[in-house]
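Structure first, commentary second.
All of the numbers you see were taken from the coordinates with simple rules; none came from a lab. None of the values given here were measured: they were computed from a predicted structure. FYI the Cβ positions are ideal-geometry reconstructions off the backbone, even for glycines, and counts take in every protein chain you see.
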Amino acid sequence: MAVLGIETSCDDTGIAICSKGKILYSSLSSQEDLHREFGGIVPEIASRKHLEVLPVMLHRLKENFPFEKISGIAVTKGPGLIGSLLVGVKMAEGLSMGLGIPLVGVDHLMAHAVAIKLEEDIPFPYIALLVSGGHTSIMLVKDYTDMEILGETRDDACGEAFDKVAKMMGLGYPGGPVIEERAKLGKPTLKLPIPDLGSSLDFSFSGLKTAVMKKIMKLSPLDDVKVNNISKSFQDTVSAILREKTAMAVKETGIKHVVFCGGVAANRTLRKDLETEGKKKGFKVFSPSPHLCTDNGDMIAFLGEIMLEGGLLENPPLSPYPN
Ligand code: KG4
Ligand code: ZN
């Protein structure tokens with residue numbers, strides 16, 4: 001098969017062609033610059049931008065990969081921003097009907113959890129630590145479409161905490177990459193709280209975010225040294241939380257392969273910390289390349305091809321779900 005994958009769940013428009021588990025074409029349009037001035041994603045702007053760029057991207061695809069060669073369409077149907085999801089879903093439905101080829105709706109979180117399979121041959125089952133701007137979950141991945149959520153955030157997502165802390169310090173959006181850079185120059189001078197959720201594999205980041213906000217108010221006006229130290233202290237605390245929960249999940253399941261994925265997994269320091277923890281506690285950490293960690297069309301085309309090959313097609317209209 002040659003499956004066209006369409007991803008529009010949040011603020012990135014991604015399309016890709018996957019055939020026999022290999023990516024033949026991939027294109028991504030990021031909206032980071034548009035949302036920067038607001039310090040976060042504005043849903044209405046996001047959906048309008050998808051509507052503008054998706055047809056252009058598909059036209060460009062057509063010049064490189066004739067549509068007659070496409071034998072299936074896969075599209076993210078949730079979770080995500082409903083307006084953004086609808087743009088991709090309606091386009092996918094139209095293409096499927098117009099070209100007379102099968103359609104499948106793909107779960108965004110499942111796609112993140114299996115994107116690693118494009119690069120590494122890790123056997124099922126494994127644990128996926130999925131940490132992005134919208135989600136923070138620990139999943140037991142039993143197969144391509146058979147997964148169990150072992151724990152998830154009770155409030156803010158981890159990437160959202162990075163974005164909010166960066167915003168408080170006037171560092172712009174997205175916050176993750178700039179906090180990572182600032183943290184390299186800082187010292188962990190602040191003591192920040194690690195939430196105690198007992199034996200639960202759930203996460204909570206809102207207490208940490210509030211604690212950082214209080215420290216920022218106390219330390220203002222901020223200078224470069226203070227910003228670097230706050231960034232380092234915050235990132236170290238996030239690292240401790242992720243390491244603790246991952247080690248608990250490994251202990252609970254006995255599964256020793258961990259896939260660290262989602263936008264926050266692009267953070268090299270957090271990756272290294274988790275790998276070191278794995279060496280100490282006897283688990284092995286895998287992470288996809290950064291372009292497969294953040295939102296992309298490749299993972300949708302990849303999982304979509306597997307689903308369509310397995311007969312999991314759907315008739316329009318699909319039912320997109322925000323959560
Ligand atoms: O997976 P993703 O592209 O979109 C969502 O589905 O949310 O993740 C975006 C999130 C943002 O919150 C961004 O700040 C965070 O990932 N992020 C990072 C880094 N790069 C992106 N967080 C920490 N360190 C990074 N280097
Ligand atoms: Zn995502």
Query raised in the report: Using Cα atoms only, what is the angle between the long axis of helix 206-219 and the major principal axis of the chain, expressed in degrees (0 to 90) to the nearest 10?
Result: 50
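Looking at this model, which pairs from Lys164/Lys279; Lys167/Lys284; Lys167/Lys191; Lys69/Lys90; Lys164/Lys256 are more than 26 angstrom apart at the alpha-carbon? Walk me through the numbers on the way to the answer.
On the way: Lys164/Lys279 32 Å; Lys167/Lys284 34 Å; Lys167/Lys191 20 Å; Lys69/Lys90 21 Å; Lys164/Lys256 33 Å.
In this structure, Lys164/Lys279; Lys167/Lys284; Lys164/Lys256 exceed 26 Å between Cα atoms.
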Report summary line: Once amide hydrogens are built 1.01 Å from N within the peptide plane, the residues lying 5 or more places from Asp156 or on another chain with amide H under 5 Å from its amide H are Phe205, Ser206
Query raised in the report: How far is helix 268-281 tilted, in degrees, relative to the longest principal axis of the Cα atoms in the chain, given as a value from 0 to 90 rounded to the nearest 10?
Result: 80
Query raised in the report: Per 10 Å bin from zero, what fraction in whole % of the C-alpha pairs of segment 102-175 is there, up to the bin with the longest pair?
Result: 18, 40, 28, 13, 2
Report task. Would you work out the relative contact order for the chain, in percent, from Cα pairs under 8 angstrom that are 6 or more residues apart? Result -> 26
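Rounded to the nearest 500, what is the chain's calculated 222 nm mean residue ellipticity when only DSSP H runs of at least 4 contribute -39500 (n - 2.57) each, over all residues? Walk me through the numbers before you get to the answer.
Details: 11 runs with 147 residues, N = 323.
My calculation for the chain gives -14500 deg cm²/dmol from helical runs alone.
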Report task. Normalising by the residue count of segment 248-323, find the relative contact order in percent from Cα pairs under 8 Å and 6+ residues apart. Result -> 30
Requested in this report: Using Cα pairs closer than 8 Å and at least 6 residues apart in sequence, work out the relative contact order for segment 9-151, in percent.
Outcome: 18
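Give the order of Asp295, Asp156 when sorted by the count of other beta carbons within 10 angstrom, beginning with the fewest.
Numbers: Asp295 28, Asp156 20.
Ordered by Cβ neighbours within 10 Å, fewest first: Asp156, Asp295.
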Query raised in the report: Which of these, Lys251, Lys209, Lys167, has the largest mean-square fluctuation under a Gaussian network model of the chain (Cα springs below 10 Å)?
Result: Lys251
Requested in this report: Can you pull the one-decimal nm distance between simple spin-label points at Lys251 and Asp196, each 7 Å off the Cα toward Cβ?
Outcome: 1.5
Report task. Note the angle between two axes, namely the Cα long axis of helix 224-253 and the longest principal axis of the Cα atoms of the chain, as a number of degrees from 0 to 90, rounded to the nearest 10. Result -> 70
Query - Cα Rg, Dmax (largest Cα-Cα span) when computed across the chain, Å - result: 19.9, 62
Query raised in the report: Ranked by Cβ crowding within 10 angstrom, fewest neighbours first, how are Leu150, Leu58 ordered?
Result: Leu58, Leu150
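Using the Kirkwood radius built from alpha carbon pairs, what does the Stokes-Einstein equation give as D for segment 1-143 at 37 °C and 0.692 mPa s, in µm² per second?
Numbers: Rh = 16.0 Å.
Approximately 206 µm²/s, per Stokes-Einstein.
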Report task. Would you order Ser220, Ser137, Ser27 from fewest to most other beta-carbon atoms within 10 Å of each residue's own beta-carbon? Result -> Ser220, Ser27, Ser137
